[in-house]
Structure formats: structure tokens, C-alpha cells
Amino acid sequence: LSIGTAASSLARIAAFRRAVRWDVVRHFAPTALPFAMLGAWALSRMDPVYLNLLLGLFLVGNVPLLFRRTPHMVNGKGADGGTPHQAWLSAIGAAAGFLSGFTGAVGLLFNGFYYRLGLRKEEIVATRAANEIMLHLLKLALYGAFGLLDARGLAAGAAVAAAAILSSLLMRRILPYLHERLFRHVGHVATVAAGVAMLVAAGGQIARQDRLALHYARAPTQIAASLSWRRHVFAVEWEPHDELELSHSIRDWTFGDRPRTAAPPPHSYILHVSPHKGLYGTRI
């Protein structure tokens, strides 16, 4: 992903070099680069799948923007007509750098940042590319140093890079004909679509690696549902006599992925909610 986005950034800078807002870049990059190193270091030591899930939820949260009227923006100013503060730009750069180093690419996550600066569409494309190119080149060097690059990743990156360069050349032809409001609306649509894709990908990976499963059963006198995650089982059961049971248990694995017995797992705690006995707990 970083190989492809680095190639895309280079192509966009070449195509829109006169539109780069260097006043934004010089405050964004100094904090983004060291935090990208921190993010790449964190990636070599932990799985980013849960962060990807949270980022996906954040991106999907942009759905209301699809139906909101785009405010009038003043070129070179924020939405309120003021000049963005240097500390704010530096903080955004640090966040973008860390998340970019940890997840590979988060360009769409910070689309709102560029919109609030009041940049024209050409300035958004060019300035974002200038901010990202240094990040991606640094990340590629760090990924190689941490042993995160392999032949398969390089081949996939080359394919993404070729498509990204063609996309940038096509963008140079089309962008002058897009209205500013349509450009921003397309950006919001892309942000939400990326969020949905991240949720699906991260959710599938979590389900596979952490044995995430949902079970449901119904009988004439009771209803039960449970959620399994790693060794944890969270269950809710509606018992006869209008009693609700909420339980948490720890599965005991001894043979691969199979439990030792069919009996209730050890380390279980059940919370009972009964209209007759009130609220009480039992431990198995």
C-alpha cells in the first residue's frame, strides 16, 4: 500500500506542482515524520487490525456529510475565515504520521483537515501528495529495516503503483472540470466507502484469528445467544419463570481448537436477574 501511494503522490506532485501549499507542508511534515517512525515501530510489534476496525468506524461516521450542504470556503482560510494555527497543523501531522506508519495509509481519514483549511481542489490534491510522499518514502525504508517487506508485497505494490500513476494522469485531465462542491462530495463518498471496506476486512480478519462467532438457540421455554471471542464466551439466556441470565466464561483449550469437555467451561460467572429473587450472581 505504501509503495502504491508513494508512486501516486509523486505523480500528483508532478501534475499539480504549482498548487502545493508549502505553508501547510512546512508545519505538517516536521511532526509527521518522527511519528511515522513510531507508528512503523509499533507495527513491527503488534497487530493493527483492531485499530483498522476503529478507523473504519470513524470513516463510516462521515455518512452525515453526504447529506449536508457544503459551506462556502474562502481560499487559503479555514471554514470560519481564519488562518489555521501552527500548533493545530503540527498536531494533525503527528496523528497522521503515527497512523500512517502503523496502518499503511490514512489519507482519507484526514480529508476533513484539508477541507477545513479552505483549499481549492487542486491545492488539496497537491498539498496532500506533498505531505504524504515523505511519509511513504520514510515508511518504506523503515518497513525494510524491520523486515516487513517481502517479494509478494513488492509485487503487489508495483501493481498498485502502476494503477495509481494512471489514475493521477487521468485526474489531471478531469479535475479542472469538477465543481468544488462535487469534488468534496466525491471525497466524502470515497471516505465512507473506504470505511466500509476497512470494517469488512478488519472484521473478517478478527473473526478468523480470534475465533469470533455468534450463536443463537431457541426452545419453547427459553432463548439463548452467545458471542465467542478468543477464549471468552459472553452469553445471555432467557430462562423459564422470566429469569434473565448474563454470563461470562473462559474456555479451557487442551487439544488445538477443541475444548477439553462438553461440560460448562471453568472460570464462569453468571449474573441472574429475576423478578422473584432479584439480582444475584453465581460462579461455576
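Read the figures in this text as sums done on the coordinates, not as results from a lab. Note that the coordinates shown come from a computational prediction; the quantities given were computed from them, not determined experimentally. Counting neighbours? That spans all protein chains shown, and the Cβs are built from the backbone with ideal geometry, glycine included.
Each helix, a run of at least 4 DSSP H residues, gives -39500 (n - 2.57); summed and divided by the residues of the chain, these come to -18000 deg cm²/dmol at 222 nm.
Each residue of the stretch 155-169 was assigned a 3J(HN,Hα) from its phi angle through the Karplus expression (A = 6.51, B = -1.76, C = 1.60, θ = phi - 60°), giving 5, 5, x, 5, 5, 5, 4, 4, 5, 5, 5, 4, 5, 5, 5 Hz with x at Gly and Pro. Taking the C-alpha atoms only, the angle from helix 86-103 to the longest principal axis of the chain is near 60 degrees. The residues packed around Ala130, meaning those with a beta-carbon under 11 Å from its beta-carbon, carry a net charge of +3 if Lys and Arg are +1 and Asp and Glu are -1.
Size of the chain from its Cα atoms: along the principal axes, largest to smallest, the extents are 73, 46, 34 Å.
What the phi angles of the stretch 203-210 give under the Karplus curve with 6.51, -1.76 and 1.60, with θ = phi - 60°, is a coupling list of x, x, 5, 5, 4, 6, 7, 10 Hz, glycine and proline written as x.
All C-alpha pair distances within the stretch 136-196, sorted into 5 Å bins from zero, spread as 4, 13, 13, 17, 18, 15, 11, 6, 2 percent across the bins.
Fully extending the segment from Leu182 to Thr221 would add 8.4 nm, taking 0.36 nm per residue of separation and subtracting the current Cα-Cα distance. Could you tell me the relative contact order of the chain? Use alpha-carbon pairs under 8 Å, at least six residues apart, and round to a whole percent. It comes to 23 percent, rounded to a whole number. How far is helix 22-43 tilted, in degrees, relative to the longest principal axis of the Cα atoms in the chain, given as a value from 0 to 90 rounded to the nearest 10? Taking Cα atoms only, the helix is inclined about 30 degrees. This model, with +1 at the C-beta of Lys and Arg and -1 at the C-beta of Asp and Glu, gives the chain a dipole about its Cα centre of some 960 debye. If you run the Gaussian network model on the chain, springs between alpha carbon atoms under 10 Å, then out of Gln209, Gln86, Gln222 the most flexible one is Gln222. Neighbours of Phe98 by Cβ distance under 15 Å: Lys/Arg scored +1, Asp/Glu scored -1, total +1. By how many degrees, 0 to 90 and rounded to 10, does the Cα axis of helix 2-15 deviate from the longest principal axis of the chain? Approximately 30 degrees, to the nearest 10.
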